[in-house]
């Protein structure tokens, strides 16, 4: 009883406490305490259209736009990874292979705009889920892509939403696919016009060879005549009055189409529909057969027209509606590529981090097939995106930045934490930077925030945000005042940024930089204090590629076998590509030919001496292949990607075991060697060695006979004599 009397008072107190707590939480969330999660706009196909409209306005107002991509993998085989022995053109081929084989499943776009009133950047991070769904019929099979287990496990570790990607990801068409879709759909439509009796004179008669066809045409003629006569007798009858005239099996149903009475045809085969078209053409001048394509399925109709002019008008209406419907389908199927077109058309400064692979994916997925050479690739990229900045280039181009980062990794997360600690941890956190930090405020829909908890790393939208923040901070370090650059075009023209513009790392391992304006290779900036190279200077004409040898052989054993044959200093370095292949760099270009000729001679010989030769261990099993560096390029150009390099070489059709250099290449290499080496060394021993080598070449070129045991022994004795006299 006492409790009952106190209940209204307790309820009132509880209500006041809840109200106070609600308003207290609201005020603290917007003023002091950080947001529970980083504000990020997630975009799927359900909200893509509205998000695209908003993004368009943000991009047009932006000073620069940061991007980032998440893919299903990076390398299709271990030997496709980037090696220090990879030449410039081969590095591009490996990037090309990755972009062609793996899918983009998330695309981050973050426009940044400088607000002079707030003295801060306004960022609009967008996180697009992307999935290559086939929305419209195209020639060829459906989309296929590879998934690398390490990459998928990495994404799962950071809570990537695979369900949202697959079920709700925005699909896309490349420019080439869109052109092909328009051509194909237009061709199909024109074919439908002919087959749908829109052009009655071109409709062919269907031969009535079966009794069933004759009976069916007579029944259709009678049914259509009854329906037309009924319409003429009572033109005022509406669809609700004609329900009783519909067939019980629902094959005929009276409807209205384009404000005209029509008969819907249901449950007929394609052959029967052809017979109905023929009956209409021969016997009914005021009826028109129409195939109407709806959103989910097509509908077959027989439409009544008042006159010949009304018939022509109906055909034109159907034609125009079909074109509009086709345009809408293609426009929707283009999907995420509308974002790429937006970035290209607005000519904004695009900022990425170590983004050569991102740019290759953009080209492959949204522009067209990747070209075979790096020169063609950069020409196309520069056409659509003439202003690109790679923040990794900026970070490694300045010694002061390197010292500030304490020589740590220049990965995106490391750069973000070290250069933008207040942004990374929230401006009101206790983490303070020794340098002034550029302020950034995030706007997502109606929410504005400058204080938040750390976002989800390796989510493309957040990584794009981090990339933009790092770029803004580096610009501040370069004394770039954003108040003076009210437009993106002015920022692009800044002299301090110009020397870093359109330079991308083609290979981070070697520091190879490609210039998107010229396609040329550029040496890494002298300001970089990062020494990556673990090998001596690489001379590609001195390299032999060996594969298919016994898997038990280690690189050290292979080196020993070769050095026993060609001298202890003949091999400069050896690099293991995988368990089936190695690169061998010789000290001199002439040793490449010496090795290949000797290998081929030993493989042709059946004498016992070949078993005792130091190279016999390398040639054991009869599957050892060797060739110059150019063969490596030929193998990398193939779209095939077997797990092991030896299997890859077999898959691309290599049957030979030893490939000698073309004669013109050999002569050119020997001429180069002569000019570079001969001026420094004119000893008789060198001349004699050259004569012996050329004599062996003549023997090899003039005859394909197998060498005898005596000839091999004589050759080995001569080589050994030269070594002793020259102290090799």
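The values are calculated or read from the model by the stated rules, or taken from the named source; none is laboratory data. Keep in mind that this is a model prediction, so the values were computed, not measured. Note that each Cβ is placed from the backbone with ideal geometry, even for glycine, and that neighbours are counted across all protein chains shown.
For the reader, a short list of remarks on this structure follows.
- Some residue of segment 73-88 being under 26 Å from residue 469 (Cβ atoms) and touching a helix residue (DSSP H, G or I) at 6+ places or on another chain (Cβ under 9 Å): yes
- Residues that are under 28 Å from residue 472 (Cβ atoms) and in contact with a helix residue (DSSP H, G or I) (Cβ under 6 Å, 6 or more places away or on another chain) do not occur anywhere in segment 135-144.
- Filtered residues of segment 316-335 (kept if under 19 Å from residue 291 (Cα atoms) and out of contact with any helix residue (DSSP H, G or I) (no Cβ under 8 Å at 6 or more places or on another chain)): 316, 317, 318, 320, 321, 324, 325, 327, 328
- The one condition in (1) modelled with pLDDT of 85 or more; (2) in contact with a helix residue (DSSP H, G or I) (Cβ under 8 Å, 6 or more places away or on another chain) that residue 228 fails to fulfil: (2)
- If you go through segment 336-374 and keep only what is in a loop (DSSP other than H, G, I, E, B), in contact with a helix residue (DSSP H, G or I) (Cβ under 6 Å, 6 or more places away or on another chain) and in contact (Cβ under 8 Å) with a residue 60 or more places away in the chain, you end up with 346, 348, 349, 353, 354, 368, 370.
- Helices (runs of 4 or more DSSP H) (entirely within segment 486-588) containing at least 1 residues that are modelled with pLDDT under 90: 488-492, 495-498
- Across segment 281-310, the number of residues qualifying as modelled with pLDDT of 80 or more and either surrounded by fewer than 19 Cβ atoms within 10 Å (Cβ to Cβ) or under 17 Å from residue 251 (Cα atoms) (or both) comes to 19.
- For segment 162-175, residues that are within 14 Å of residue 338 (Cα to Cα) and assigned to a helix (DSSP H, G or I) total 1.
- From the list 643, 591, 676, the one residue that fits, being under 18 Å from residue 543 (Cβ atoms), modelled with pLDDT of 90 or more and not assigned by TED's automatic domain parsing to the domain that holds residue 79, is 591.
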